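*Asks:* Take a look at this one; I'll ask things after.
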Amino acid sequence: MDSEITKDFLRQIVADDLAAGRIDAPVTRFPPEPNGYLHIGHAKSICLNFGIAEDFAGACHMRFDDTNPQAEEQEFVDSILEDVRWLGFAWVGPVRYASDYFERLYLAAERLIDKDLAYVCDLDAEAMRAYRGTLTEPGRASPGRSRSKAENLDLFRRMRAGEFADGAYTLRARIDMAAANINLRDPVLYRIRHAHHHQTADRWCIYPSYDFTHPLSDAFEGITHSLCTLEFEDHRPLYDWLLAALEVEAAPRQYEFARLNLTYTLTSKRKLKQLVENGHVESWDDPRMPTLAGIRRRGIPAPALRHFCQRIGVTRADSLVDVSMLDFCVREHLEQHAPRAMAVLRPLRVRIHNLPQAVDIEAPLHPQHPEWGTRSLRLSSELWIDREDYSENPPKGWKRLVPGGEVRLRHAYVMRCVSVDYDEQGQPCLMHATVDLDTLGAHPQGRKVKGVIHWVDAGQAQPVRVRLYDRLFVSADPEAGEGDFTRHLNPNSLHELEGMIEPYLLQLQPEQTVQFEREGYFVADRYLSQPQAPVFNRVIALRDSWGKESA
C-alpha cells in the first residue's frame, strides 16, 4: 500500500484484507437509484468508492439500483453518469444496472421458495405494518406464511406472468417475526408493479426490493467491500442472511460510514425534488441547489469538491460539517487557478476632465502566475465604477471615494472626485473627476492614497448579466424543528444585476472561472452565457461575510 494513502478506517480494512490474502484487489461499487439528481452527500460516497479502488489498484463499478420504475427516469441516469465523470472518476467495465440481473434475481427468489425460506403474502401494506409489530412487541405471522412450497412457487410464477393487480401479493423472506431487528421480520423481496421500466420496458411486472437486490448484485459482480452509509447498518443482518441462505461463496461484506451532513444544506433527494416541483428553484441544476449538477453550474470546481471530501474524512460518527469548510476549499483552489479581470456590477459613469488621450495598460492575468501573461485594458475619459465605491456621507474607516477624495484606479492612475450629478430620484448618475497624470505605475508625491477601486472603460465595456447566489436556507439545519422545511428558505438567495465587464471576459468559455477583482469568483454560466450576451454566476465571495450579514 502506498504510504501516502489517507488512513481512514475503511482503507485500513482494505489494507488488512490485502495483507491477509483475503482479496487480491478491492472491488467497490457506486450504486445510486436513478430517481433524482445526485447531491453533495453522494460526492462523499463517489470519492470514497472510486478513491479506494484507485488507491489500492482495484476496480469500482458503476451500478444503478433501478428497481423502482415508478420513480426512475433516463434523465436521472444520464445526469448521474455525467456527475461522476465531472468529478474525475472512471468506472471499470460497462455501466451496470440491477435490472441486468432481473432474471438471476428471480431465479434466486425461486431457490429461496424451494428452500422454504420465502413465501407469497397477500397482506396489503397497511396490514403488513400492523403485523410487523413494534420495537418492544414481536410481529405476527402472515396467513400466507403457512402456504406450501408448491403453492408459493405457483403464485410467484403467476405474479411474474402478470395475473395479479399491483399490491395483490408480495414475496417475503421467511426469517423471524420475533426478531429484535425489525428488518428481519419477514422482509418483502418482491412486489407487483405494472409499470414501464426505463431499461427493461414492459418485460417485468414484479420488481425486487433494494434489500434483496443489493447483496445479490454485489455477489454477482464480485464486490469485495460494499460501502454504505450508517442508515443501512440495521440492514446488514439481512444482507448477510440472504448471502448465507443462497450459499454464496466468497460473499461480499458490507461496511458502513457516516453520511455527509452539511450546514445550511439539504441532502434528501425527496425534499430536493419538492423544491423543484414546487417552483422554489428553477431546476435540479439551479446553482443554489446542493445537487452536483447545481454545484457544477454554480462554478465550484471538481478538484475543490474532491479536496473537501478528503478533508472531512471518513468515520462512523455522525456529525454536521460546517459549510464554511467547503467554502474554504473552494476559495483555496480558485485563488490559485482563477485568472483576474474587472467587472462593475452596479455601474456609475465617471467623466475624467483632464485626460488628454486614451491610455493602454497591460494588467496581469494572475499576480502570482506571471507565466499566464497579461490582458489589455484601455482607460479613456469616460469609465464605469461601482456606485457602492462612492459615498457622500461615508462611515468610519471608509477608503473609497468621497467628494474631493482620491482613490487609485486598479492598474491605473490616482483619481479625484470633483463633483457628482444626481438624477430625479436623488441617486448619483455621473461623477466628474480628474486624474494625477504622474501616478501611472507610481505613488503620488507628498500624500498617501489608501483606497483602490476597480473600473471598466466605457468605450470598451460590454454589458453583462450577473447572478449573485447566496445560501438557499437561512437556517443551519433546515430540517430541524416542526413544520415545513421550506419555511427556512432564504428569500434573498438570488439577486440579478446588469453590469459592465472588460473585453477579456468575453473570451471565457462556459464553466471557466475567473476572479472579478474586489468582487469575488464568478463563472460563465454553462447554459445561459453567450459570446455577445454573457451571463456570470457568482461562485463565492472573496471572503466569508455570512456571519457579519446575519448578526
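The values are calculated or read from the model by the stated rules, or taken from the named source; none is laboratory data. Computed from a predicted model, the values in this text were never measured in an experiment. Virtual Cβ from ideal backbone geometry, glycine too; neighbours counted across all protein chains shown.
*Asks:* For region 478-537, which positions are part of a helix (DSSP H, G or I), in contact (Cβ under 8 Å) with a residue 40 or more places away in the chain and farther than 23 Å from Gly279 by Cα?
*Replies:* Of everything in region 478-537, those that are part of a helix (DSSP H, G or I), in contact (Cβ under 8 Å) with a residue 40 or more places away in the chain and farther than 23 Å from Gly279 by Cα turn out to be Pro503, Tyr504, Leu505, Leu506.
*Asks:* Where residues in region 397-437 are β-branched (Val, Ile, Thr) and in a strand (DSSP E or B), which of them is nearest to Gly451 (Cα to Cα)?
*Replies:* The qualifying residue nearest to Gly451 (Cα to Cα) is Val407.
*Asks:* Which is closer than 30 Å to Leu377 by Cβ, out of contact with any Asp or Glu (no Cβ under 9 Å at 6 or more places or on another chain) and of a type in the set (A, V, I, L, M, F, W, C), of Val474, Val535, Val514, Val523?
*Replies:* So the residue among Val474, Val535, Val514, Val523 that is closer than 30 Å to Leu377 by Cβ, out of contact with any Asp or Glu (no Cβ under 9 Å at 6 or more places or on another chain) and of a type in the set (A, V, I, L, M, F, W, C) is Val514.
*Asks:* Taking Ala476 as the residue in question, decide whether it is touching a Phe, Trp or Tyr at 6+ places or on another chain (Cβ under 9 Å), of a type outside the set (Phe, Trp, Tyr) and in the same structural domain as His333 (by TED's automatic domain parsing).
*Replies:* The answer is yes for Ala476.
*Asks:* Just one of Gly499, Gly481, Gly451 is exposed (fewer than 12 other Cβ atoms within 10 Å of the Cβ) and either in the same structural domain as Phe522 (by TED's automatic domain parsing) or more than 15 Å from Glu382 (Cα to Cα) (or both); which is it?
*Replies:* None of the other options fit; the residue is Gly481.
*Asks:* Only residues in region 333-346 that are at pLDDT 95 or above count as the first member; pair them with residues that are part of a helix (DSSP H, G or I) and of a type in the set (Ser, Thr, Tyr), Cβ under 7 angstrom, at least 6 apart or cross-chain, and list the lot.
*Replies:* Ala341/Tyr504
*Asks:* Over 25 Å from Asp360 (Cα atoms) and modelled with pLDDT of 95 or more - does that describe any residue in region 382-389?
*Replies:* Yes: one or more hits.
*Asks:* Right, something else. Only one of (1) basic (Lys, Arg); (2) surrounded by fewer than 14 Cβ atoms within 10 Å (Cβ to Cβ); (3) farther than 30 Å from Leu275 by Cβ fails for Arg400. Which number is that?
*Replies:* (2)
*Asks:* Against the condition in the same structural domain as Gly294 (by TED's automatic domain parsing), at pLDDT below 95, surrounded by fewer than 19 Cβ atoms within 10 Å (Cβ to Cβ) and at negative phi, how does Pro531 come out, does it pass?
*Replies:* Criteria met by Pro531.
*Asks:* Pairs needed: first member in region 425-446, within 13 Å of Glu406 (Cα to Cα) and of a type in the set (S, T, N, Q); second member anywhere, exposed (fewer than 11 other Cβ atoms within 10 Å of the Cβ) and modelled with pLDDT of 95 or more; C-beta distance under 6 Å; at least 6 residues apart or different chains.
*Replies:* Hits for this filter: Thr434/His353.
*Asks:* Does Val359 satisfy being buried (at least 18 other Cβ atoms within 10 Å of the Cβ), hydrophobic (A, V, I, L, M, F, W, C) and modelled with pLDDT of 95 or more?
*Replies:* no
*Asks:* May I ask you to list the residues in region 85-112 that are touching a strand residue (DSSP E or B) at 6+ places or on another chain (Cβ under 9 Å) and basic (Lys, Arg)?
*Replies:* Correct list: Arg96, Arg111.
*Asks:* Identify all residues within region 31-56 that are in a helix (DSSP H, G or I) and either assigned by TED's automatic domain parsing to the domain that holds Val276 or among the hydroxyl-bearing types (Ser, Thr, Tyr) (or both); write none if there are none.
*Replies:* Hit for region 31-56 is Ser45, nothing else.
*Asks:* Taking the options Ala98, Ala71, name whichever one is crowded, with 20+ Cβ neighbours inside 10 Å, of a type outside the set (Asp, Glu) and within 22 Å of Arg203 (Cβ to Cβ).
*Replies:* The unique qualifying residue is Ala98.
*Asks:* Next question. Assuming Glu424 fulfils every condition listed in (1) charged (D, E, K, R); (2) exposed (fewer than 12 other Cβ atoms within 10 Å of the Cβ); (3) within 43 Å of the chain's Cα centre (by Cα) apart from one, which condition is it?
*Replies:* So the condition that Glu424 fails would be (3).
*Asks:* Still on this structure: Pick from Arg349, Arg375, Arg316: which is surrounded by fewer than 19 Cβ atoms within 10 Å (Cβ to Cβ), in a strand (DSSP E or B) and touching a residue at least 24 places away in the same chain (Cβ under 8 Å)?
*Replies:* Exactly one residue qualifies, and that residue is Arg349.
*Asks:* Let me ask something else. Would you mind stating whether Leu383 is in contact with a helix residue (DSSP H, G or I) (Cβ under 6 Å, 6 or more places away or on another chain), in a strand (DSSP E or B) and in the same structural domain as Trp455 (by TED's automatic domain parsing)?
*Replies:* Here the answer is no, as Leu383 does not meet what is asked.
*Asks:* Taking Asp78, is it surrounded by fewer than 20 Cβ atoms within 10 Å (Cβ to Cβ), under 20 Å from the mean Cα position of the chain (by Cα) and farther than 23 Å from Gly222 by Cα?
*Replies:* When the stated conditions are applied, Asp78 passes them.
*Asks:* Here's something else I'd like to know. Out of (1) out of contact with any strand residue (DSSP E or B) (no Cβ under 8 Å at 6 or more places or on another chain); (2) assigned by TED's automatic domain parsing to the domain that holds His225; (3) of a type outside the set (Lys, Arg); (4) crowded, with 17+ Cβ neighbours inside 10 Å, what's the single condition that is false for Leu242?
*Replies:* If we test Leu242 against (1) out of contact with any strand residue (DSSP E or B) (no Cβ under 8 Å at 6 or more places or on another chain); (2) assigned by TED's automatic domain parsing to the domain that holds His225; (3) of a type outside the set (Lys, Arg); (4) crowded, with 17+ Cβ neighbours inside 10 Å, just (1) comes out false.
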